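The values are calculated or read from the model by the stated rules, or taken from the named source; none is laboratory data. The structure presented is a predicted model; accordingly, all values stated were derived computationally and were not measured. Ideal geometry is used to build each Cβ from the backbone, glycine not excepted, and the neighbour counts take in all protein chains shown.
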Amino acid sequence: MTTAPRTPDTAPSYATPLAELAWPFEPGADTYRYWINVERGRRPVATAAGSWGRHVLEVDGGYPAVMAERTAILDREPRRCSALPHALPAAWEALEFGLAEIAPQRPDLFRLQRGDDGVLRWRNDLLGTRWSARTGDPLVDGAHPLAALAGQVQEDLFLLGPREDRLYVDAVAATFTGSWSSSFSLGMSFADLHSPVPRIRDSGMVDRTERFLLSLDPGDVYRRTNWSIYDSGRLDASLEASHRRDPGHAVRSATEHRYGSLRLRVELQHLVRLPATGALLFLIKTQLAAFADIVTVPQWAGQLRSVLAELPEDMAAYKGFARYRPGLLDWFDL
Amino acid sequence: MTGDDRLTVAAVEQTTVDVRSYVLTSHRPLRPYEPGSHLVVGLDGVRTCYSLTDDGTAPDAYRISVRRTGRGGLSDALHDTVRVGGQLSVSGPRSAFPPVPHARHHLFVAAGIGITPILSHLGAARRWGRSCSVVYGYRSGAAAHLELVRRLAGADLVEAPGRTALASAVAEAVERQPVGTHLYACGPRAVLDLVTDRCAAAGWPPERVHVEHFTAPDLDAGAPFEVLVRSSGRRLPVPAGVSLLEVLERDGVAVDHLCRTGVCGRCRIGVLAGTPEHRDLVLPAALRDAADRMYPCVSRAGTAELELDL
Amino acid sequence: MTSRSVPQWPDAAPAPPPAGRCWTVFDLAARGTTARDWHRRLTVAGLDAELVTVPEPQLTGWIEALPPAFGELASRRHVGWRVAAVGPEHAVLALRACAVEAGLMDAELHLHADRRTHRRVYCPHCGATTLAAGDRFRCAGCARTLLVHDHVSLSSGRYLGSVDTPDAAPGAAR
Ligand code: HEM
């Protein structure tokens, strides 16, 4: 069907240590449904294998590899970063917020300084980044301030702004999203953005979520998790890159009973109400863990199997495993 | 800083005959705020909202300007009792009059002490290079921050000494604003009514007009009604002259709140059944018919009963 | 199921409200006399209304030239200006995108699509926009065969497309 030759899939495989995985299921729950699963951020949570959630943006052991992958994608497809003109102040606020979050995590490598002259100076010895800029400059080290932040952090970044009591996507800098198109989402309303998601669109959940987001106080930080099933360890599962994937891969992994190599894809999402602009900064940190590894943690194996077995068909399809669910469940029982 | 906090009065300046500006500082870093935000100041159990006058991006202090009303109340008490070195209990800043960042042009209209949030907006517009113009109406000799407004606004300022001059300046301005303009007005009720009337006559959709009342209107006592609290199933009568917020508090239902005058928007609650009678100043014009929410500090019921999502 | 981001148009075109100060009514190769009726109605209501008519053969080229042209038109108008448009959906949505870009808001727009003949579709693989006649089409940018999703960005007036993979995004039309 595809007329252009397929670009070979050379994306590296990525794995999140189980000890850091933001396990997305409630303790003791053996079913999963969509709900407005938000809680305040910056509080660590213990899991069966470790803990997560201390930071809003986090520099972890995968940082060098993840940043290399991000740089490669952005060099190839600059449209992964885009912003409406009026988003500049919010992007600047996001940049200053984000750098201030990560700087103390690696004082040996990062250095953030605000001079008496008002100039902001950033230095990242790991990536060899060094720049100085003034709040409000349209470009920081040659990039839009939100793109400049994306070049220093592992998270995907979105800025949303209110208009007539609704939220709209004002800026995007994302390379590792799930199977949707971030470059298409610029300018879209929060409700339209969520319209492909089954169940939530007609249940009133989107409207309630939006009202919650609009009522956040300046400076508030909330977080939530989301999850899906994916067939490889590549971080970039975006629609932008879907032509790069081998279309038979998922089917083959399933038919060849390589269920252990399927990945649980967890999105740790943070929502920050930036105080000076009122914009909402939405951050997604993507984590990937192979089923073969997950089942080494007994509580997780049992819970994941129950959730996958019970999940209604439309949600299973949306989460990417409806086609091979029976075989997958058998694999758990081996 | 969202809860109550104590700030030090670092400076007090007599801005005009009846307006004093207070510079409030803290040993802790002050949170940035959106242009048009206010601080809630409490003194002897009374709380009032005052607009912050800086642009809010990187505040070194919180600055408010307070006009003596001569009618007692918190503003007069501040003039009478607060001195440099003293402490004030504040909460916020809170944003209820923010700029619309995607506006193609911003028209600011201020009357009297209503200049305070407009000054904040003007500073932010200048900082970010947003296209803007200002109409400032004042009584001769009593224009707060006039020099600063002149310096910031430059050629984009129309000064209107007196009500008549203001009325014609507003009438003229709203006729020839570029497509995509948003208007922000702060001043006494009569001026705001004039602005909204003029805009409507010139064909502005209400969504383009944003007003901030610096004095809450005096509200009538209202008719009695009943509320049903969903979580407890309790039915509570709200007598005339008593606010729904007070009734809820007396019954032990916690509702977050600040200003108690329908300005700050903090006490918003959800309504599940019945129609609220909105008496607040928070809901934008386009949402005045909203039946799913209300501000119980001032708003009441248009139906005999309301069911509350509490 | 059609997702809610896809606009739903009523069968009969509702008349524009007699609001605002002055109007520009765009007849984008509309069926019947809707645009002319709107124009007459507004004029009768005492509003200053102009009618711009774009015949069907010129529509595609007109849409391509619209972004600068609409910006230029808007720069000669003031708040109080309203815009109405009727015609095929892709033209109406393209006009809406330009209008919002110029600073107009929904309250100032009165739009109606009287048919859906084509869709302007965004390709996330290469970033191009193609005017597509069916559910499957060849991308004008990267020549891949794309499938149109039931997903619309009102701000850009485009549908989403993508290559068809077994694990294609849910929401893709199949
Ligand atoms: C509390 C806040 C939020 C909640 C409760 C929420 C809820 C959800 C849910 C339940 C899904 C389906 C996920 C799945 O099963 O894989 C989803 C998908 C999605 N969400 Fe959110 N979300 C929130 C915030 C946001 C924000 C701020 C954005 C802004 C970028 C966003 C953008 C998306 C997108 C683009 C999708 C994929 C839609 C598609 O398939 O095209 N969400 N969201």
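Annotations for the structure displayed:
- Of all residues making up the range A:69-91, the number that are in contact with a Pro (Cβ under 8 Å, 6 or more places away or on another chain) and more than 19 Å from A:LEU167 (Cα to Cα): 1
- Cβ-Cβ under 6 Å pairs, at least 6 apart or on other chains, the range C:155-174 side more than 7 Å from chain A (Cβ to nearest Cβ) and at pLDDT below 50, far side part of a loop (DSSP other than H, G, I, E, B) and surrounded by fewer than 20 Cβ atoms within 10 Å (Cβ to Cβ): C:ALA173/C:ASP135
- Check on A:LEU127, touching a helix residue (DSSP H, G or I) at 6+ places or on another chain (Cβ under 7 Å), buried (at least 20 other Cβ atoms within 10 Å of the Cβ) and not small (Gly, Ala, Ser): no
- Just one of the listed residues (A:ALA309, A:ALA279, A:ALA292, A:ALA301) is of a type in the set (Gly, Ala, Ser) and within 12 Å of the ligand (Cβ to nearest atom), namely A:ALA279.
- Residue that is nearest to the ligand (Cβ to nearest atom), among those in the range C:108-152 that are small (Gly, Ala, Ser) and over 16 Å from the mean Cα position of the chain (by Cα): C:GLY127
- Complete set of residues in the range A:261-293 that are assigned to a strand (DSSP E or B), more than 30 Å from B:PRO35 (Cα to Cα) and among the hydrophobic types (A, V, I, L, M, F, W, C): A:LEU264, A:VAL266, A:LEU268, A:LEU288, A:ALA289, A:ALA290
- Condition check for A:GLY115: of a type outside the set (Phe, Trp, Tyr), more than 24 Å from the chain's Cα centre (by Cα), within 14 Å of chain B (Cβ to nearest Cβ) and farther than 27 Å from A:LEU160 by Cα: yes
- One residue alone among A:GLN303, A:GLN287, A:GLN299 is under 17 Å from A:PHE25 (Cα atoms) and either of a type in the set (D, E, K, R) or surrounded by fewer than 21 Cβ atoms within 10 Å (Cβ to Cβ) (or both), and that residue is A:GLN299.
- Filter result for C:CYS142 (without any contact (Cβ under 8 Å) to a residue 40 or more places away in the chain, surrounded by 18 or more Cβ atoms within 10 Å (Cβ to Cβ) and more than 19 Å from C:SER5 (Cα to Cα)): yes
- Of all the residues in the range A:12-36, those that are farther than 21 Å from A:ALA237 by Cβ, of a type outside the set (Asp, Glu) and either at pLDDT below 95 or over 20 Å from the mean Cα position of the chain (by Cα) (or both) number 7.
- Taken as a whole, the condition of being in contact with a Gly (Cβ under 6 Å, 6 or more places away or on another chain), within 13 Å of another protein chain (Cβ to nearest Cβ) and within 13 Å of the ligand (Cβ to nearest atom) does not apply to A:ASP207.
- Single match in A:VAL153, A:VAL140, A:VAL169 (criterion: more than 9 Å from every other protein chain (Cβ to nearest Cβ), at pLDDT 95 or above and more than 15 Å from the chain's Cα centre (by Cα)): A:VAL140
- Which numbered condition B:GLY129 fails, given (1) closer than 30 Å to C:CYS98 by Cβ; (2) part of a loop (DSSP other than H, G, I, E, B); (3) away from every other protein chain (no Cβ under 13 Å): (3)
- Yes/no for B:ALA142 being at pLDDT 95 or above and outside any helix (DSSP H, G or I): no
- If the condition is being near the ligand (Cβ under 8 Å from one of its atoms) and either touching a residue at least 40 places away in the same chain (Cβ under 8 Å) or closer than 20 Å to A:LEU149 by Cα (or both), then the range A:173-195 contributes A:THR177, A:GLY178, A:SER179, A:TRP180, A:SER181, A:SER182, A:SER185.
- Close pairs (9 angstrom Cβ cut-off, 6 or more residues apart or separate chains): at positive phi in the range A:200-215, within 8 Å of the ligand (Cβ to nearest atom) and polar (S, T, N, Q) anywhere: none
- Pairs with Cβ under 6 Å, 6+ apart, first in the range C:15-42 and away from chain B (no Cβ under 14 Å) and among the polar types (S, T, N, Q), second part of a loop (DSSP other than H, G, I, E, B) and surrounded by 15 or more Cβ atoms within 10 Å (Cβ to Cβ): C:THR34/C:ALA13
- Near pairs, Cβ below 9 angstrom, 6+ apart or cross-chain, from the range A:30-42 (within 14 Å of another protein chain (Cβ to nearest Cβ) and farther than 27 Å from A:GLY219 by Cβ) to any residue that is assigned to a loop (DSSP other than H, G, I, E, B) and within 9 Å of the ligand (Cβ to nearest atom): A:TYR34/A:VAL197; A:TYR34/A:PRO198; A:TYR34/A:ARG199; A:TYR34/A:ILE200
- Apart from one condition, B:TYR22 fits all of (1) in contact with a Leu (Cβ under 6 Å, 6 or more places away or on another chain); (2) surrounded by 23 or more Cβ atoms within 10 Å (Cβ to Cβ); the exception is (1).
- The residue list B:GLY85, B:GLY72, B:GLY56 contains one member that is within 14 Å of another protein chain (Cβ to nearest Cβ), on the phi > 0 side of the Ramachandran plot and over 14 Å from the mean Cα position of the chain (by Cα), which is B:GLY56.
- The listed residue being surrounded by fewer than 20 Cβ atoms within 10 Å (Cβ to Cβ) and modelled with pLDDT of 95 or more, out of B:GLY86, B:GLY56, B:GLY123, B:GLY70: B:GLY123
- A single member of C:LEU42, C:LEU28 is hydrophobic (A, V, I, L, M, F, W, C), under 28 Å from C:GLY161 (Cα atoms) and surrounded by 17 or more Cβ atoms within 10 Å (Cβ to Cβ), and it is C:LEU28.
- From the list C:LEU109, C:LEU160, the lone residue that is closer than 30 Å to B:GLN177 by Cβ and either in contact with a helix residue (DSSP H, G or I) (Cβ under 8 Å, 6 or more places away or on another chain) or crowded, with 22+ Cβ neighbours inside 10 Å (or both) is C:LEU109.
- Verdict on C:THR130 being touching a Cys at 6+ places or on another chain (Cβ under 9 Å), buried (at least 19 other Cβ atoms within 10 Å of the Cβ), at pLDDT 95 or above and on the phi < 0 side of the Ramachandran plot: yes
- Selected residue (criterion: farthest from the other protein chains (Cβ to nearest Cβ)) from residues of the range A:303-321 that are farther than 30 Å from A:GLN154 by Cβ and part of a helix (DSSP H, G or I): A:SER306
- Sole residue being away from chain B (no Cβ under 14 Å) and either out of contact with any strand residue (DSSP E or B) (no Cβ under 9 Å at 6 or more places or on another chain) or acidic (Asp, Glu) (or both), chosen from C:PRO124, C:PRO68, C:PRO88: C:PRO68
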